[in-house]
1. Around A:V204, which amide H atoms from residues at least 5 apart in sequence, or from another chain, sit under 5 Å from its own amide H, with H modelled in the peptide plane?
2. Rounded to the nearest 500, what is the 222 nm mean residue ellipticity of chain A from helices alone, with -39500 (n - 2.57) per DSSP H run of 4+ residues and division by all residues?
3. Just going by the charge dipole of chain A, with Lys and Arg at +1 and Asp and Glu at -1 on Cβ, which of A:Q109, A:Q180, A:V61 is farthest out on the positive end?
4. For the range B:94-115 and the range B:117-174, what is the centre-to-centre distance using only Cα atoms, to the nearest Å?
5. Tell me the net charge near B:A59. Cut-off is 11 Å between Cβ atoms, B:A59 excluded, with +1 for each Lys or Arg and -1 for each Asp or Glu.
6. Go through the range A:49-79 and name the trypsin sites (Lys or Arg not before Pro) that are in a DSSP coil and have 12 or fewer other Cβ atoms within 10 Å of their Cβ.
7. Between A:A240 and A:S135, what is 0.36 nm times their sequence separation minus the Cα-Cα distance? Round to one decimal in nm.
8. Using DSSP to define loop residues, name the trypsin sites (Lys or Arg not before Pro) in the range A:82-156 whose beta-carbon has at most 16 other beta-carbon atoms within 10 Å.
Amino acid sequence: MRHAIAVENLVKRYGEVQAVDGLSFQVERGTTCALLGGNGAGKTTTLAILLGVLLPTSGSVRVLDEDMARERYRALPRMNFTSPYVDLPKKLTVEENLVVFSHLYGLRQIRQRIAGLAEQFEFAPLLKRHYGTLSAGQRTRVSVAKALLNRPEVLLLDEPTASLDPDIADRIRTHLVEYQEQSGATLLLASHNMVEVERICHQVLMMKAGRIVDRGSPPELIARYGRSSMEEVFLDVARAAHRAAEVAADEVRR
Amino acid sequence: MTGSLQRIYGMVLRHVYLWRRSWVRVLETAYWPTMNMVLWGFIAKFFASNSSIVAQVPALLISGLLLWEVLFRGQLAFALAFLEELYSRNLGHLFVSPLRPSELIASMIAVSLLRTCVGVGAAAALAIVLYAASIFDLGLPLVAFFANLLVTGWAVGLMVSALVLRYGLAAENLAWGVIFVLAPISGIYYPISVLPGWLQRVSWCLPTSYVFEGMRGVLLDAAFRWDLFFGAVALNAVYVALGAGIFFAAFRGARQRGALLQMGE
């Protein structure tokens with residue numbers, strides 16, 4: 001199995017709204033891939049379908065060679081997910097939260113695993129604190145640690161460093177890169193953060209209106225668009241439609 | 001309109017907007033007064049026409065109340081276990097883990113059992129101290145009543161959780177109040193025969209009616225009615241199957257709408 005994730009002709013419609021429109025892509029094992037696009041591009045929808053919590057209108061999704069529409073419970077113990085938009089119970093302590101999720105993932109030697117992650121992500125002094133009392137940065141570290149509890153072969157991340165200060169964001173990225181390199185896991189992240197994408201991703205899928213409009217490694221994309229950063233590439237792609245409309249309007253005026 | 005009045009109007013409007021969008025909130029406004037009036041009306045009617053059982057009144061009322069609490073607390077604890085995940089916006093994490101919906105239900109049943117035993121156990125002990133009325137005087141039949149009422153509570157809890165999955169936290173109040181719709185027609189404090197004929201037919205469709213009639217059989221006639229016991233078991237099987245069906249349908253609907261990652265505060 002070369003591909004950890006394989007998506008074929010994926011479509012998701014909400015009534016008249018086409019959130020994902022015929023998406024096809026594969027993510028090679030042991031690589032980090034980014035879904036890049038503006039708001040409403042379909043990134044989070046794609047992640048939700050990959051996790052099996054959202055049913056597609058049509059198309060197929062396979063993760064670790066399992067069909068996520070029918071056999072997601074065979075893949076889920078080998079996957080994990082984190083998002084700043086999905087919380088952990090605030091009234092439980094950090095440790096209690098991690099113990100609960102360790103049980104959900106069927107871990108053994110739970111205390112050692114939690115202690116190891118707490119040390120790695122520098123939140124050991126917070127273990128007895130209620131999750132709800134943590135700062136955004138502390139919550140993100142705990143949430144990423146939760147996502148690594150089961151040493152996932154596939155890790156899906158929805159804007160993992162959103163709303164973090166540059167220092168904490170950088171540390172989170174470092175941890176993710178280390179984990180990916182040490183474990184050989186496959187990472188797929190939805191992001192708006194071009195620095196993050198340039199730094200940690202091997203492959204980028206540029207999304208717009210539910211479709212992939214371009215793909216390649218960050219250096220390939222930067223070279224293809226004749227730009228100096230992914231941020232400029234992103235703006236080119238995001239504004240392409242506006243530019244096309246302006247050109248058409250100019251032609252009409254002439 | 002003066003500034004102050006306008007601000008007040010604005011705040012009233014804020015709630016009217018909510019009511020307009022939520023039939024649950026509108027229903028709740030009229031729900032409690034109606035339920036209390038119906039329940040106590042039938043209680044008064046029963047005692048006014050049965051002066052011969054005055055000596056049994058404390059046992060009837062306290063046993064009825066405690067068994068009712070088994071049903072209410074069982075259902076509430078079940079539904080709250082689910083609501084807790086919504087309050088903490090944790091549903092997304094749970095359903096991307098290997099936890100299956102059936103396992104979540106099993107955990108909610110376990111939590112409900114624990115909380116009901118603790119809650120009702122404390123109240124039952126206090127009833128012995130304060131009123132010298134022990135629900136444990138019911139003997140072994142108490143186990144049958146307790147089990148049947150708990151299962152009914154879980155069936156209702158499943159339906160409430162399904163509605164919360166469908167309508168979000170707007171349906172939260174159902175968890176606290178929906179079970180009371182069963183109170184006047186379950187014969188907690190009076191026999192089903194007190195109800196009007198058409199309501200009696202509705203009442204015999206509920207497992208709770210069989211349990212409370214059974215309780216009165218033990219208290220007034222010292223007889224355990226197996227027919228009532230099996231009636232409750234059979235109806236519970238139907239309601240649990242119905243509740244589970246509705247819950248799984250709502251879960252599938254939530255997966256189609258993408259609600260599992262978004263639901264919460």
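1. Correct list: A:A34, A:G216, A:S217.
2. Numbers: 9 runs with 104 residues, N = 254.
That calculation yields -12500 deg cm²/dmol at 222 nm.
3. The residue sitting most towards the positive pole is A:Q109.
4. 18 Å
5. On the way: positive: B:R216; negative: B:D137.
My count for the surroundings of B:A59 gives 0.
6. On the way: sites: A:R62, A:R70, A:R72, A:R74, A:R78; in loops: A:R70.
Within the range A:49-79, the qualifying trypsin sites (Lys or Arg not before Pro) (loop, at most 12 other Cβ atoms within 10 Å) are A:R70.
7. Details: separation 105, 0.36 × 105 = 37.80 nm, distance 3.82 nm.
The A:A240-A:S135 span can extend by a further 34.0 nm.
8. Values: sites: A:K90, A:K91, A:R108, A:R111, A:R113, A:K128, A:R129, A:R139, A:R141, A:K146; in loops: A:K90, A:K91, A:R108, A:K128, A:R129.
The qualifying sites are A:K91, A:R108, A:K128, A:R129.
Read-outs: derived from the displayed coordinates by stated rules, not from any lab. What you see is a predicted model, and the numbers here were worked out from it, not measured in a lab. Cβ coordinates were reconstructed from backbone atoms using ideal geometry, including for glycine residues, and neighbour counts include every protein chain displayed.
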